[in-house]
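Asks: Mind looking over this structure? Questions follow.
The values are calculated or read from the model by the stated rules, or taken from the named source; none is laboratory data. From a predicted model like this one, the values you see are computed outputs, not experimental measurements. Cβ placement follows ideal geometry from the backbone for every residue including glycine, while neighbour counts extend to all protein chains displayed. Side chains are part of the model used for accessible areas, which takes the heavy atoms of the whole protein and leaves out ligands, DNA and RNA. Shrake-Rupley method; radii C 1.70, N 1.55, O 1.52, S 1.80 Å.
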Amino acid sequence: MQLAITSLNSGSNGNCYYIGNGQEAVLVDAGISCRETERRMQRLGLSMRQVKAIFVSHEHSDHIKGIPVLARKYKLPVYITTSTLYRSRMDLSGVEVVSFTGYEPVQIGSLSVTGFPKFHDAADPHSFVVEGHGVKIGVFTDIGAPCDHVIRHFQQCHAAFLETNYDEGMLEQSYYPYYLKRRISSNHGHMSNKQALELFVAHKPAFMSHVFLSHLSKDNNCPKLAKSLFETCADGTEVVVASRFEETPVYTISCQGDIFERTLSVSDITPAGDQLSLF
């Protein structure tokens, strides 16, 4: 079996990740507008009709600002912890809101979604692993430091969205004020290229086919630099940069090794029926 995955956007201007199996799909976060989410999915040949739920990692606006409109329009349940919902101040009237607990899998059709806690400067932050018929996809972004929870789940994934937020030298020399530099680089901020690469080299499973470098800082990182660092250690894993400006292609991930990239044509498309982030 296979799972189709794409980053619809990744960065401080909005985050949204799609994971599906052809019958049903989930979004992890929805930090771009409903209209832009629809537009990008249509370009990829994906249908919002297959999306069955939105899972929320934490309350920063670049992860949630598209949720109220998207959830109401498509009658999508929103899975969110009680603390994150409270701190988000989202108006989810008319939306089915479902609380989830770390390490307790949520079944969405034949997809299983498991959240687990992580280090980040938020009320109750979680990362996710989405599993379908033995294929596991991890979403590991907005992480200050790779704790045991993150490491354990990363070791199980056939593909992963992995935060590579900043280059340490670029951050240190940037125009950011001292307090913000310290906050970003703290154990509850974001992962640097170096931290992410160490995690990748030490704990990447041999069967991981793709790693998506995610949540890159516009000011304190360089996509070419991050990609080159990972490619030298990839050992057969394809390295993809998840852009802050556009969607990635759809990648179809299999646990049998028949992994390929596809972008559908327009004829394949099925028509579709504030808090400020500091980073």
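Asks: Read through the list (1) surrounded by 18 or more Cβ atoms within 10 Å (Cβ to Cβ); (2) under 25 Å from residue 3 (Cα atoms); (3) of a type in the set (Phe, Trp, Tyr), then give the number of the only condition that residue 119 fails.
Replies: Unmet condition: (2).
Asks: Among (1) open to solvent by 20 Å² or more (accessible area, probe 1.4 Å); (2) within 18 Å of residue 64 (Cα to Cα), where does residue 100 come up short?
Replies: Here residue 100 clears every test but (1).
Asks: Next question, about the same structure. List every residue pair whose Cβ atoms sit under 6 Å apart, with the two residues 6 or more apart in sequence or on different chains, where the first one lies in segment 73-85 and is within 11 Å of residue 52 (Cβ to Cβ) and modelled with pLDDT of 95 or more and the second, anywhere, is open to solvent by 10 Å² or more (accessible area, probe 1.4 Å) and assigned to a loop (DSSP other than H, G, I, E, B).
Replies: 77/96; 79/100
Asks: Mind checking whether some residue in segment 136-146 is closer than 22 Å to residue 61 by Cα, part of a loop (DSSP other than H, G, I, E, B), more than 16 Å from the chain's Cα centre (by Cα) and of a type in the set (Val, Ile, Thr)?
Replies: no
Asks: If you go through segment 22-29 one residue at a time, do you hit one that is open to solvent by 10 Å² or more (accessible area, probe 1.4 Å) and either more than 23 Å from residue 109 (Cβ to Cβ) or among the small types (Gly, Ala, Ser) (or both)?
Replies: Yes.
Asks: Sticking with this one: With respect to residue 187, determine if the residue is open to solvent by 70 Å² or more (accessible area, probe 1.4 Å) and either part of a loop (DSSP other than H, G, I, E, B) or among the aromatic types (Phe, Trp, Tyr) (or both).
Replies: On the way: open to solvent by 70 Å² or more (accessible area, probe 1.4 Å): yes; either part of a loop (DSSP other than H, G, I, E, B) or among the aromatic types (Phe, Trp, Tyr) (or both): yes.
Judged against the criteria, residue 187 is a match.
Asks: Please specify each residue of segment 128-148 satisfying the condition of being of a type in the set (Asp, Glu) and in contact with a strand residue (DSSP E or B) (Cβ under 9 Å, 6 or more places away or on another chain).
Replies: 131, 142
Asks: Which of the residues that make up segment 145-182 are among the hydrophobic types (A, V, I, L, M, F, W, C) and open to solvent by less than 20 Å² (accessible area, probe 1.4 Å)?
Replies: 145, 147, 150, 154, 157, 159, 160, 161, 162, 171
Asks: List the residue pairs whose Cβ atoms are under 6 Å apart, where the first residue sits in segment 204-215 and is assigned to a strand (DSSP E or B), the second is among the hydroxyl-bearing types (Ser, Thr, Tyr), and the two are 6 or more positions apart or on different chains.
Replies: Listed by first residue and then by second, the contacts come to 210/251; 211/237; 212/7; 213/164; 214/10; 214/141.
Asks: Moving to a separate point now. Quick check on segment 202-230: of everything there that is aliphatic (A, V, I, L, M) and open to solvent by less than 50 Å² (accessible area, probe 1.4 Å), which residue is nearest to residue 254 (Cα to Cα)?
Replies: 208
Asks: Scan segment 29-53 for residues that are under 18 Å from residue 245 (Cα atoms) and of a type outside the set (Asp, Glu) and report the count.
Replies: 13
Asks: Would you pick out the residues in segment 231-243 that are assigned to a strand (DSSP E or B) and open to solvent by less than 30 Å² (accessible area, probe 1.4 Å)?
Replies: 239, 240 - these are the residues of segment 231-243 that are assigned to a strand (DSSP E or B) and open to solvent by less than 30 Å² (accessible area, probe 1.4 Å).
Asks: Looking only at segment 48-91, how many residues end up being among the polar types (S, T, N, Q), open to solvent by 10 Å² or more (accessible area, probe 1.4 Å) and outside any helix (DSSP H, G or I)?
Replies: Of the residues in that region, 0 qualify.
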